[in-house]
1. Check whether at least one residue in the range 140-158 is out of contact with any Leu (no Cβ under 6 Å at 6 or more places or on another chain), farther than 24 Å from Ala350 by Cα, of a type in the set (Val, Ile, Thr) and outside any loop (DSSP other than H, G, I, E, B), and report yes or no.
2. Tell me which residues, restricted to the range 14-38, are under 10 Å from the mean Cα position of the chain (by Cα) and either of a type in the set (Asp, Glu) or closer than 21 Å to Asn65 by Cβ (or both).
3. Looking at (1) within 21 Å of Arg324 (Cα to Cα); (2) part of a helix (DSSP H, G or I), find the lone condition where Trp133 falls short.
4. Among the residues of the range 684-719, write down those that are small (Gly, Ala, Ser) and either over 17 Å from Gln738 (Cα atoms) or in contact with a Gly (Cβ under 8 Å, 6 or more places away or on another chain) (or both).
5. Starting from residues that are near the ligand (Cβ under 8 Å from one of its atoms) and outside any loop (DSSP other than H, G, I, E, B), keep the ones in the range 316-335 and report whichever is most open to solvent (accessible area, probe 1.4 Å).
6. Contact list please: Cβ distance under 9 Å, first residue in the range 269-296 and on the phi > 0 side of the Ramachandran plot, second residue outside any helix (DSSP H, G or I), pairs at least six apart or on different chains.
7. For Met110, indicate whether it is within 25 Å of Trp741 (Cβ to Cβ) and open to solvent by less than 10 Å² (accessible area, probe 1.4 Å).
8. What residue, among those in the range 724-733 that are open to solvent by less than 40 Å² (accessible area, probe 1.4 Å) and out of contact with any Phe, Trp or Tyr (no Cβ under 7 Å at 6 or more places or on another chain), is nearest to Ala761 (Cα to Cα)?
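The values are calculated or read from the model by the stated rules, or taken from the named source; none is laboratory data. Remember, it's a predicted structure, so these values are computed and weren't measured experimentally. When we count neighbours, we look across all protein chains shown, and the Cβ atoms used for this are built from the backbone with ideal geometry, even at glycine. Keep in mind that these areas ignore ligands, DNA and RNA; they rest on the heavy atoms of the full protein, side chains included. Shrake-Rupley method; radii C 1.70, N 1.55, O 1.52, S 1.80 Å.
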Amino acid sequence: MKKHLCIHGHFYQPPREDPWLNAILPEGSAAPSLNWNQRITRESYAPLARARRLDGSGRISEVLNCYEWISFNAGPTLLNWMAQAEPGLVRLMVEADRASLARLGHGNAMAQVYHHQILPLASQMDKELEVSWAVDDFTARFGRAPEGMWLAETAVDTPTLEVLAANSIRFTVLAPGQARAVASAAGGQDHWTPVNVGSLDIRQPYLVKLPSGRSIAVFFYDGPLSQAVAFERLLADGETFWRRLSQAASPGLLTLATDGETYGHHFTFGEMALAFVLDQGRLGRDGLSLTNFAAYLAANPPSMQVQLHEPSAWSCAHGVERWRSDCGCTDGGHPDWRQDWRAPLRQALARAKDLADLHYFQRGATCFKDPRAALAAYGKVLAGLASQDQFAAEHLRLKLPASEQAVAWKLLAMQQWGLASLASCAWFFDEISRIEPVNGLTYALRAMELAARTGGPDIEAEILPILKTAHSNLPELGHGETIWRTLVKPRRESGASLTAQALLTLWADDRLPAPGTSAQAVWPGVTVTVTAGGKSGNGSPGVETGKRQPGAKGGASGWSGTAAIAWALETGADQVEYSWTLPEGGDPLAAAVIVRGPGGEESFVPRDLPVNKRQGLADVFAMRSSDVLWEAALSRMASGVFLIPEIQEAQTTVTLAPRLAGQWTALAWAYLWGPPLPEKNRELLVRFLGQCSCCDFERTGLMERVIARALAMAASPSPDWESLGIMVSRVRELNLPQDWWAIQNLIWDNDLRHGPGRAFAELIGLAV
Ligand SMILES: [Zn+2]
């Protein structure tokens, strides 16, 4: 029997979406990245798809897509974000799956429980939805049905495995400590041999025979080696990593389970050590060959069966207590804190979901042909496998009035956020006021709001008494009910708050509509179409009133009109009328928006938005301002760079240096991309730019623009390699940060290292 190796990566992030905008808001702790998803993607997920293999002289001899050589699962909620924010990376994951499928007959990608719920704690219906929606998402993403599914926290019990098997899932992966006893697969239910972490043979897959008559295979990963990757600096050196693997391997399958962010985020350049190891495996060094679970299972059907500890999970030694009680397992840095908030939080969120389910089936009975079947099929709409129209034709009752159709879609959205509220992350850490539990509660709030809007019960009144008993470890925060009031409910959106954000977004982006026209502020979850009222004289809607006259001090601009608020995957729109006065030159967040809609009149001051939403508006403003000012500076300094005179004897800087200093990035740009300057002019300019370029943010900002242009040039049909090469040498001359990562990728992907691009490729570190 040969020695096989399978390294598995689990790629997942706690849900961070705001449930109204369905967008991830800026997170201060991730700055200057926008949010943690983006930061971990930059540090880990993207480098893994682009891992560098270096030759003896430190040049890049290969850009390796590690996903092609490891087994991996990525959470549907993470992939949803990634598909919008980093579509190229999702494409590389899909390509990796296709390539492994072609090589091994089975793809590397595994599905994952949709919202990362602890399935043994979920209701039967929620188990089924979490699994079938995950199958749909995977199928849409990878173009094939999944063979394996990763269970959140590897939390397992028999009902969970039944649901996987019923969805045609062939295998899952568990921690070795979850096995209780083994027996021959051929035998009956006797002759079980008890096993523990030390005695379990993890080199083979096992069969779990289920009460339904179905069965599913289970792989067990190597616990100590997987731990070593995370905690013992195995990623510091590829050769050491390989030797540990090679020593541990014996005939059969050696499996590691690792978290995706281990490579890069927790361990800088960890992806390079992994790439080295994968390359050794690819070459068959020491008789090892790389495989994935599905391929191994197809070639090696289980000869043994296993009984599991039920329920159990990889990150709790007490079953699945970590997600419902103070079991003692904790993360977050406060080992002495109490976790007795977990039980009431579980109770409150489960109760909210139960009440939402009840409402769904009562109210849904008049909208759907079969409410349960509709809910299962909604996964296909979320995945993009079915359009809203297709879904409506199949699942809504015939000739359903528009108002009832709107109710049906809201009921489905209610279920989606209800399921999201139960993501495992809320219970994983050590405090109820952390972002993860607060997000879970916020998703429940959104589900409750949709229940109320469709005539459902007052769920909030049911769960607040329970939340009152969930005590925070921070006395000033009180308990779950006070956290609900102070941290959760202020996040709620209204017609006025959404209209205010739309108006401010359009203002910050210089896109406010002219009278009689419309403009849209778009988030993944909601689109607000703002129409400015038509011109009809004396201060009526749409006319800018009180506009500052020349010479007048202060003043303000007023707008009024209508706004249509349309939710994604719903039908119809909420129509409101608005009026708004923006103080000129003052605080735009102080500008009150007054909205009249079906619910009456409402006033909203954007200053009252949660900090992340204010930050989102500020980011739109910053992006637009940066572009406007950059264009203006660029057009002036394109000429200005020629007006830096030649350096004179004993001259140390340019005259009027303090005035010109603010323009240094535009001057540098003009120099980087411009024609050669006479030597003495160049000398003065370079000296001056060196004096100015001490701010890392400015240097990085400049290089982002330089790389964007270089990428566009290199991707053009006949790239100007000479200009690109001159740019690189001048970047070095100015000692600007050299991050050629993206352009190296492009050259590698398009195979531009040979022919006319060769010199440039070599210049930026590629072996040619
Ligand atoms: Zn525990």
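1. no
2. Result: Glu17, Asn37, Gln38.
3. Trp133 satisfies all of (1) within 21 Å of Arg324 (Cα to Cα); (2) part of a helix (DSSP H, G or I) except (1).
4. Residues satisfying the conditions are Ala712, Ala714, Ala715, Ser716, Ser718.
5. Glu321
6. Phe269/Arg52; Phe269/Tyr263; Gly284/Leu290; Asp286/Lys3; Asp286/Ala249; Gly287/Lys2; Gly287/Lys3; Gly287/Ala249
7. No, not satisfied.
8. So, considering only residues that are open to solvent by less than 40 Å² (accessible area, probe 1.4 Å) and out of contact with any Phe, Trp or Tyr (no Cβ under 7 Å at 6 or more places or on another chain), the one nearest to Ala761 (Cα to Cα) is Val728.
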